[in-house]
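Report on the following structure.
Every read-out reported here was derived from the displayed coordinates using simple, explicitly stated rules and does not represent laboratory data. Since this is a predicted model, take the numbers as computed values, not measurements. Every residue, glycine among them, receives a Cβ derived from its backbone with ideal geometry; neighbour counts consider all protein chains shown.
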Amino acid sequence: MHKAGFVNIIGNPNVGKSTLMNAFMGEKLSIITSKAQTTRHRILGIVNGENFQVVLSDTPGIIKPAYELQESMMGFVKSAFEDADLLIYMVEIGEKELKDEAFFNKIKNSKIPVLLLLNKIDSSNQEQLEEQSELWQQKVPNAEFYPISALNGFNVKNVFDRIIELLPESPPFYPKDQITDKPERFFVNEAIREKILVHYKKEIPYAVEVDTEEFLEEENIIRMRSVIMVERETQKGIIIGHKGSALKRVGVEARKDLEKFFGKQVHLELYVKVNKNWRSNQRQLKRFGYNQ
Ligand SMILES: Nc1nc2c(ncn2[C@@H]2O[C@H](COP(=O)(O)OP(=O)(O)OP(=O)(O)O)[C@@H](O)[C@H]2O)c(=O)[nH]1
Ligand SMILES: [Mg+2]
């Protein structure tokens, strides 16, 4: 017997969705930062076993969209409701509600199984854990509840075993050696964007998109050239920094991550370009893969 299905992870921004997906995968597929709206796409992470294929979806955190890019991000979340065989609804310690009522009702009235994961329990005490567990089980009574720590791995294996139990009998959806639906260049863009989220303040990371124009794999090295797009001239200066020092740091750190990811030496060339208001431009968004 072979089991396979789509397991889609949804929840508020910054609760640890990407951390959980990486924990299930046993490798860093999705980027993770302490800032909200780190994930902008729906990213498939495929875990293959002899008798199963779990097709995970990491999705952007649920927000009220304020501009076109965010509209598109919420489109990815919507799509994750449509094809799921199993929903993972993740909340974090201290959280009180999912602000978007429509999404919340969809979870509560879901016809497919829902696993409600209370994450980051490593940062709580017993009293808080009990109080939060009760609150969330009352709020989503149709769900199976698990307290977890995606970061420390607490309960992660138990949840994964339960996923396999709940999956329908089915042949695999993807070749058994495939681990994601995204091309190599996507992960280059994301590695660079992660460093930008980490090193720049306020609005800057949200005004940035990365596009990898060249990805040339040679025998011993992969040569990459990526453009960092910002919305305004002033942002370009900030990204580059004094004598290029800030941009250099992004390049060095991203390259190290990419060498780990691809298991090969990497040469990464970065440059910065202004692409006015790309976040609100349908044509540009489509070009960067935000259409669906
Ligand atoms: N203490 C603790 N921190 C965690 C845990 N899981 C995730 N984090 C941290 O929470 C922050 C957000 O994690 P992400 O995995 O990027 O969260 P996300 O839900 O994917 O966020 P968005 O993509 O922005 O919606 C990071 O700083 C993680 O290290 C956990 O179990 N315990
Ligand atoms: Mg994420």
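Values for this structure:
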{"read-out": "Helices (runs of 4 or more DSSP H) within the stretch 208-292 that include 3 or more residues among the acidic types (Asp, Glu)", "value": "245-262"}
{"read-out": "Single condition GLU190 does not satisfy, out of (1) free of Cβ contacts under 8 Å to residues at least 60 places away in the same chain; (2) closer than 30 Å to GLN53 by Cβ", "value": "(1)"}
{"read-out": "Hits in the stretch 265-282 (condition: farther than 19 Å from GLU184 by Cα, surrounded by 13 or more Cβ atoms within 10 Å (Cβ to Cβ) and touching a residue at least 60 places away in the same chain (Cβ under 8 Å))", "value": "ASN275, TRP278, ARG279, SER280, ASN281"}
{"read-out": "Failed item in (1) within 18 Å of ARG193 (Cβ to Cβ); (2) touching a residue at least 60 places away in the same chain (Cβ under 8 Å); (3) within 11 Å of ligand 1 (Cβ to nearest atom); (4) surrounded by 23 or more Cβ atoms within 10 Å (Cβ to Cβ), with GLY45 passing the rest", "value": "(3)"}
{"read-out": "Check on SER34, within 12 Å of ligand 1 (Cβ to nearest atom) and of a type in the set (S, T, N, Q)", "value": "yes"}
{"read-out": "Odd one out for GLU184, checked against (1) farther than 20 Å from GLY11 by Cα; (2) touching a Gly at 6+ places or on another chain (Cβ under 9 Å)", "value": "(2)"}
{"read-out": "Members of the stretch 163-213 that are crowded, with 19+ Cβ neighbours inside 10 Å and of a type in the set (Gly, Ala, Ser)", "value": "ALA191, ALA207"}
{"read-out": "Check on ALA254, under 24 Å from the mean Cα position of the chain (by Cα), surrounded by 14 or more Cβ atoms within 10 Å (Cβ to Cβ) and under 27 Å from ARG232 (Cβ atoms)", "value": "yes"}
{"read-out": "Inter-residue pairs, beta-carbon under 7 Å, first on the phi > 0 side of the Ramachandran plot and assigned to a loop (DSSP other than H, G, I, E, B) and in the stretch 11-22, second of a type outside the set (A, V, I, L, M, F, W, C) and within 6 Å of ligand 1 (Cβ to nearest atom), 6+ apart", "value": "ASN14/GLY61; GLY16/ASN119; GLY16/LYS120"}
{"read-out": "Pick from the stretch 146-187, criterion aliphatic (A, V, I, L, M) and in a loop (DSSP other than H, G, I, E, B), ranking: nearest to ASN48 (Cα to Cα)", "value": "ILE179"}
{"read-out": "Some residue of the stretch 194-212 being among the small types (Gly, Ala, Ser) and within 20 Å of SER57 (Cβ to Cβ)", "value": "no"}
{"read-out": "Top-ranked residue in the stretch 1-42 [being of a type outside the set (Gly, Ala, Ser) and more than 14 Å from ligand 2 (Cβ to nearest atom); ranked as surrounded by the fewest Cβ atoms within 10 Å (Cβ to Cβ)]", "value": "MET1"}
{"read-out": "The stretch 134-159, residues that are more than 15 Å from ligand 1 (Cβ to nearest atom) and touching a strand residue (DSSP E or B) at 6+ places or on another chain (Cβ under 8 Å)", "value": "TRP136, GLN137, VAL140, ASN142, ALA143, GLU144, PHE145"}
{"read-out": "Hits in the stretch 60-69 - residues which are buried (at least 16 other Cβ atoms within 10 Å of the Cβ) and either on the phi > 0 side of the Ramachandran plot or more than 14 Å from ligand 2 (Cβ to nearest atom) (or both)", "value": "GLU68, LEU69"}
